[in-house]
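Chemist: Following this message is one structure expressed as structure tokens.
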Amino acid sequence: MRFCFTELRVVQRDCGNAALATLSPLAKGAEGVRWARHRFAIRRDLPEPSSHFDAEGREKVDVDAAIATRALPRTRAWLAGNVSLAHAADAVLPKLPNADDWRRDRHRVNAPRPGDPVPGTFPTHAGSPTGTGKPGSPTGTSGSPTSGSPAPPVSIRTGRVHGATPKSSKGPSEGERRSLKEKVDAAVLAQAWTPTNACTTEGIARVALASLIADPNPHAPERLPETLEFDAERLATLQNDFQRVAVSAACVRVARMRIRLRSNDQRATARDLPDFRRRLDVLLADPTVRVPDLAAEIAAQVARSASLDATEQAPVVAESAELQAAERELRGLTDPAASGGAALLDGVRSALATRLLLGPDIVSATGGNGSDGATAAAALSRSLAACGVDGEIGVAVAGDLKALAAGAMRSIGRVNWLVHGPIYESMGADLLAKDDEL
């Protein structure tokens with residue numbers, strides 16, 4: 001009986017998962033976005049959003065800035081508080097393509113050919129129906145990440161294998177499905193994470209998102225912008241990731257300073273930097289680790305790097321004075337209230353905002369223009385160098401921030417802009433207009 005009840009619970013769970021999987025395509029498509037906007041308008045006492053389609057078939061949603069400001073005061077304040085940061089970023093970055101034009105051009109270049117799998121779906125079997133929506137129509141899916149053929153029926157698995165899968169079974173294997181899903185996710189992210197100028201409505205929203213992620217204090221859900229009401233946990237995860245990047249950068253910076261002081265060589269660097277960073281990552285992944293633990297690892301790294309015998313294999317014992325100095329300097333760089341800690345957080349925040357604006361590829365963002373690409377890369381480097389994170393440390397941290405920016409766009413930025421982009425465009429245009437008047 002126990003076995004039967006266990007199997008019954010597994011079947012019930014699989015039935016529930018199968019039901020959710022059949023609803024997933026509806027939530028991801030254009031109709032899902034409209035439904036989310038409709039429910040948000042009801043919750044926030046906003047007028048039902050009206051829309052029209054432009055000549056190229058793109059849906060345009062009309063939002064009154066004054067009404068949205070009254071209904072969403074926290075969202076307005078959040079965007080307004082980052083306009084000056086957007087201007088600062090715009091001043092050091094080259095002119096980038098318009099985000100909407102970029103998406104349109106990418107869609108034309110990467111438009112699927114007949115029979116190709118469409119993002120958000122899997123290849124259908126021969127004879128299955130295919131989508132017939134036309135671009136720009138309410139049921140069309142031009143530019144939608146879930147357009148195309150309907151997904152095949154979901155098979156229910158209990159985890160028990162009663163026989164080998166026949167070689168002649170139709171449909172893609174689990175490995176093929178997983179590989180296709182990864183490619184689809186990457187294509188969808190690339191379509192959403194387009195380069196955009198800082199002093200645009202989408203640019204302000206990305207700069208503002210970077211500020212939220214860089215805030216060292218946890219965000220209470222009731223104090224978040226109304227448009228991020230369901231993103232508190234995702235935002236907390238991104239904040240933790242940002243803090244790990246910032247603290248790791250602080251540790252490597254302290255280690256380099258101590259090595260140079262000890263060796264009296266201003267060009268000295270930490271030995272085996274990748275290995276040192278990996279050890280720091282392990283420590284930072286442990287929630288029980290504190291500053292003294294990190295200081296001990298820094299002091300040990302200083303002792304290893306300053307050793308006269310580069311082939312020494314014996315464990316290196318950090319000196320007590322070195323340990324105390326490392327802890328003191330690390331506390332100064334990790335305390336947001338201290339000048340050094342505030343400067344470090346601001347520099348890493350600025351670099352994250354720049355990465356969010358540039359997209360995943362700096363060369364593509366600047367249209368292959370070598371001069372503009374160098375300017376954009378230099379702006380990213382200067383943000384980190386301003387807080388002492390330069391050279392090989394800056395290169396490593398820039399890679400961490402690229403991964404963090406991709407995670408931010410994947411978990412919050414992409415869907416949030418799809419649903420609330422019209423609100424950001426209305427409020428952002430109003431804020432930029434008033435800022436120009438001043």
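Where a number appears in this text, it was derived from the coordinates with a stated rule and is not lab data. Please read all numbers here as calculations on a predicted model, not as lab measurements. Methodologically, a virtual Cβ is constructed for each residue, glycine included, from the backbone with ideal geometry; neighbour enumeration extends over all protein chains shown.
Chemist: With label points built 7 Å along Cα→Cβ from the Cα atoms of PHE230 and ALA296, find their separation and express it in nm.
Modeler: It works out to 4.5 nm between the two label points.
Chemist: So for region 238-407, averaging the separation of alpha carbon pairs under 8 Å that are six or more residues apart and normalising by length, what relative contact order in percent results?
Modeler: Relative contact order here is 24 percent.
Chemist: Once you order the gyration tensor axes a ≥ b ≥ c over the Cα atoms, which shape class does region 238-407 get: rounded for a/c under 1.5, otherwise prolate or oblate by comparing a/b with b/c?
Modeler: Note, shape of region 238-407 comes out prolate.
Chemist: Could you give the spread of the C-alpha atoms of region 202-263 along their three principal axes, from largest to smallest, in whole angstroms?
Modeler: 53, 24, 14
Chemist: As a test of understanding, state the convex hull volume per residue of region 212-337 from its alpha carbons, in Å³.
Modeler: 123 Å³
Chemist: Order by neighbour count: ARG2, ARG277, fewest other Cβ atoms within 10 Å first, most last.
Modeler: With the fewest neighbours first, ARG2, ARG277 line up as ARG2, ARG277.
Chemist: Additional query: What is the extension gain from ALA91 to ALA378, computed as 0.36 nm multiplied by their sequence separation minus the C-alpha to C-alpha distance, in nm to one decimal?
Modeler: Residue separation times 0.36 nm, minus the Cα-Cα distance, leaves 102.0 nm.
Chemist: Hey, fewest Cβ within 10 Å first, where do VAL363, VAL252 land in order?
Modeler: By the 10 Å Cβ count, ascending, the order reads VAL363, VAL252.
Chemist: Could you put ASP430, ASP265, ASP215 in order, starting from the residue whose Cβ has the fewest other Cβ atoms within 10 Å?
Modeler: By the 10 Å Cβ count, ascending, the order reads ASP265, ASP215, ASP430.
Chemist: Of LYS60/LYS402; LYS28/LYS181; LYS95/LYS402; LYS60/LYS183; LYS28/LYS60, which sit over 24 Å apart, Cα to Cα?
Modeler: LYS60/LYS402; LYS60/LYS183
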